[in-house]
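Chemist: This is the structure I want to talk about, given as structure tokens.
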Amino acid sequence: MPAQKHFILPRKRGILLLLLNFIIVSSISIFISIKVQEEITYQAWTSFSTETKDVQAALAERLHIYEALLYSGKGLIDSNNATITPEKWHTYVSSLQLSKNYPAVATFGYGFLVKQADKANFVAQMRQELGNNFTITPPGNRPLYAVGTYLEPANPAGEGVDALVDPVRAKSIQDAIATGNITVSNKTTLYIDKVKVPAFVMRTVFYRQKAAVGYITATFRMQDLIQVALQHNFQGIRFAVYEGTSTKNLTTARLFYTNLPSTWQTSGKLSQIVTIPVVSHGWTMVFTDTTTPSLRDVYAPTVILWLGAIFAFLSTFLLYILLVRNRYVESVAEIMTKELSVTVEKLHDDKKKLEEAMTKDEFLSMAAHELRTPLGTMRWRIEDMVSGKRKFTPQTKEDLDKMYSNVIRLIHIVNNLLDVSRINQDKIKDHPDMIDVVTLAETVIDTLGERIEEKRVQVEFAKPTAAIPMKIDQNLLEEIFVNLFTNAIKYNKKGGKIFLRLAATQKELQITVEDTGIGIPKKDQKTIFEKFKRGSNVDPDSYEGTGLGLFVVKKYVEHWKGNITLKSVVNKGTTITVAIPMQRDIK
Ligand code: ATP
Ligand code: MG
């Protein structure tokens, strides 16, 4: 029996499975690691961009407050029909409590727009109002002067300075005149403790009889504005503010404010560049994240990757062990199967040998047994005669008769044995001669006359009117007659009947022997033609026999390509018909 291999993976498919397991597990861990990294980056970005938006909002809010401050100053001056005195302005600004409420404001003041024609009158009026040697600087004739007149906190250095001389301030004034709105200047500078710091100016004009005659101005130090706006919040975020809305060419000339570390552009941290509206203007802000990520965020993806790799190795190894164990089971199963099949074959051989031995033994014991009994009787009688114990008396004649019938029986047994031996060796002696079958049948009945009488059976032979000539081996055919007839006598009841019928056609000869004996049980009929088989209704002590007669008959009939049929009913009788072809082509 071949080993059942199909439930065990072949080697190639095993390797493929291991590879597949390793690839799948590693891929999954790489995928998870990437996803975790993405999530961490996304979270960091979300919190960073929320912070940058908060910074922008805080700045915008602060600028709105200062816008409102300018509008309130404009309101004051407009309500006084543009006639304002330094005292009034001082009182007003004092009430605002600039340093407390508007801490980023460096100066808050006003000035006048003076045409060249009005210059002399203006200077005279100012000298009177301020009580000093007021003059417009720088000197020189210009079509229009924007003269800073009064500043809070008081700054005499700023009084009389023509803002239109400075291009940055000039533009903011011109924009304010042109739009009538609040304007924010480009980057400019202010001195604080003799140090130049970036600053910008917010302005709005005021009118007399719908003509712009002056302006309110507030200057801011950028650094202060940022401090006030953010109020020490947003510690982790660093940024720079540039003038204008172009995100390119972020030069120092445009730089308003910065607390960025010098390495921010190469540090690989999160960064963002945005532009923000500033009243009439716009600024560009550069943000960068300086917070230190948590250990978990830094190492999680790598740890996942390592764990995944370890798991991939482990699971592949486990799978390998499983497969190898299966292979081991397979080899053990194969060895066992081989051993088993060898054992089965050996057993089969042994059984055959045993059967053969048994058959031989059985055969020998049967032959010995069958031969011993008649020989023993004969020896005992002959011994008596030879020793002179018996005289030739009628008793002697009886003894001789019995001996004779024993000899006949022995001849029958020996013949049967010889027949079987020839049949077994395929050496049936077949020498056909032209004979008369009817005469042969009569001879056989005659020969068995004594036994017929003994059993007191009645033989009915429907003798054919003519002879049945046939070219056939007389001895073999006689064997068939003797065996069938002997059985019909032996297994008959006392006073029973035997019918012998012969029928011959051109094709075949039919011999039918029918009796009214004990019959053959149905269950034995199939095997009754086999060697040594006897009916289960036969007691061997009452019916002597070897179980070879029918075997020999069948073999001879088959040798001639003939046919034998049996009909039998227990206790009613048996009919056996033999059909032998007339033309036989025997080797
Ligand atoms: P032998 O070898 O001496 O003929 P046998 O008569 O026992 O011995 P077979 O002639 O082969 O052997 O017959 C086999 C068996 O078939 C018999 O033992 C018997 O049980 C049964 N048998 C054969 N012929 C008849 C019959 N005419 N009526 C009943 N039983 C029969
Ligand atoms: Mg017989």
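Chemist: In whole Å, largest first, what are the principal axis extents of the Cα atoms in segment 420-530?
Modeler: So the extents along the principal axes, rounded to whole Å, are 38, 37, 26.
Chemist: Which of Ile423, Asn563, Gln223 sits farthest toward the positive end of the charge dipole of the chain, with +1 on the Cβ of Lys and Arg and -1 on the Cβ of Asp and Glu?
Modeler: Gln223
Chemist: Roughly what would the spin-label model give for Arg456 and Thr247, points 7 Å off Cα along C-beta, in nm?
Modeler: For Arg456 paired with Thr247, the spin-label model returns 14.0 nm.
Chemist: Same structure, new question: Out of the DSSP beta bridges found with both residues in the chain, what percent are antiparallel (nearest 5)?
Modeler: Around 95 percent antiparallel, to the nearest 5.
Chemist: Right, here's the next one. Give the angle, between 0 and 90 degrees and rounded to the nearest 10, that separates the Cα long axis of helix 295-386 from the longest principal axis of the Cα atoms of the chain.
Modeler: 0 degrees
Chemist: Leaving out ligands, DNA and RNA, what percent of the accessible area of the chain is carbon and sulfur, probe 1.4 Å?
Modeler: 58 percent
Chemist: Take the Cβ-Cβ distance between Ser47 and Val168 as r, set R0 to 30 Å, and report the resulting FRET efficiency rounded to the nearest 0.05. Walk me through the numbers before you get to the answer.
Modeler: Values: r = 38 Å, r/R0 = 1.26.
Given R0 = 30 Å and the Cβ-Cβ separation, E is 0.20.
Chemist: Could you tell me the extents of segment 118-222's C-alpha atoms along the three principal axes, largest first, rounded to whole Å?
Modeler: Extents along the principal axes: 37, 34, 24 Å.
Chemist: Under a 1.4 Å probe, what is the accessible area of the chain per residue, stated in Å²?
Modeler: 59 Å²
Chemist: Would you please give the FRET efficiency between Leu371 and Gln510, computed as 1/(1 + (r/R0)^6) with r the Cβ-Cβ distance and R0 = 41 Å, to the nearest 0.05?
Modeler: According to the calculation, E is roughly 0.70.
Chemist: Further question on the same structure: Using only Cα atoms, tell me the angle between helix 119-130 and the longest principal axis of the chain; keep it within 0 to 90° and round to the nearest 10.
Modeler: 90 degrees
Chemist: Could you rank the peptides 139-145, 83-89 by their average count of other C-beta atoms within 10 Å per residue, with the highest value first?
Modeler: The densest-packed peptide leads the list: 83-89, 139-145.
Chemist: Dipole of the chain, Cα-centred, from +1 at each Lys and Arg C-beta and -1 at each Asp and Glu C-beta, to the nearest 20 debye?
Modeler: 340 debye
Chemist: Then there is this: How far apart, in nanometres, would the label points at Leu20 and Asn424 be if each is projected 7 angstrom from Cα along the Cα-to-Cβ direction?
Modeler: 6.4 nm
Chemist: What distance in nm lies between label points placed 7 Å from Cα along the C-beta direction at Leu400 and Ala68?
Modeler: That separation, rounded to one decimal, is 16.8 nm.
Chemist: Something else about it: So what J values fall out for segment 70-80 if you push phi through Karplus, 6.51 cos²θ - 1.76 cosθ + 1.60 with θ = phi - 60°, rounded to Hz, Gly and Pro as x?
Modeler: Per-residue couplings from phi come out as 5, 4, 5, x, 4, x, 4, 6, 4, 5, 9 Hz.
Chemist: While we're on this one: What is the diffusion coefficient of segment 103-289 in µm²/s, taking the Kirkwood radius over Cα pairs and the Stokes-Einstein relation at 10 °C with a viscosity of 1.306 mPa s? Working shown, then result.
Modeler: On the way: Rh = 18.2 Å.
For these conditions, the coefficient is 87 µm²/s.
Chemist: Over all distinct Cα pairs, what is the inverse of the mean 1/r for segment 416-455, reported as the Kirkwood hydrodynamic radius in Å?
Modeler: Result for segment 416-455, one decimal place: 12.6 Å.
Chemist: Also, I was wondering about something else. Full-extension gain between Glu558 and Trp306, please, as 0.36 nm times their residue separation minus the C-alpha to C-alpha distance. Provide the component values of the computation, followed by the final result.
Modeler: Values: separation 252, 0.36 × 252 = 90.72 nm, distance 8.67 nm.
Difference between extended and current length: 82.1 nm.
Chemist: What does the convex hull of the Cα atoms come to per residue for the chain, in Å³?
Modeler: Normalising the Cα hull of the chain by residue number yields 377 Å³.
Chemist: Under 20 Å from a point 7 Å along the Cα-to-Cβ line of Val407: which residues of segment 533-548 have their amide N that close?
Modeler: none
Chemist: Does anyone have the angle between helix 549-559 and the longest principal axis of the chain? Alpha-carbon axes, 0 to 90°, nearest 10?
Modeler: 70 degrees
The values are calculated or read from the model by the stated rules, or taken from the named source; none is laboratory data. The shown structure was predicted, so the numbers you read here are calculated from the model rather than taken from an experiment. Because the Cβ atoms are built from the backbone with ideal geometry, glycine has one as well, and the counts that use them run over all protein chains shown. To get the accessible areas, we keep the full protein, side chains included, count just its heavy atoms, and leave off ligands, DNA and RNA. Shrake-Rupley method; radii C 1.70, N 1.55, O 1.52, S 1.80 Å.
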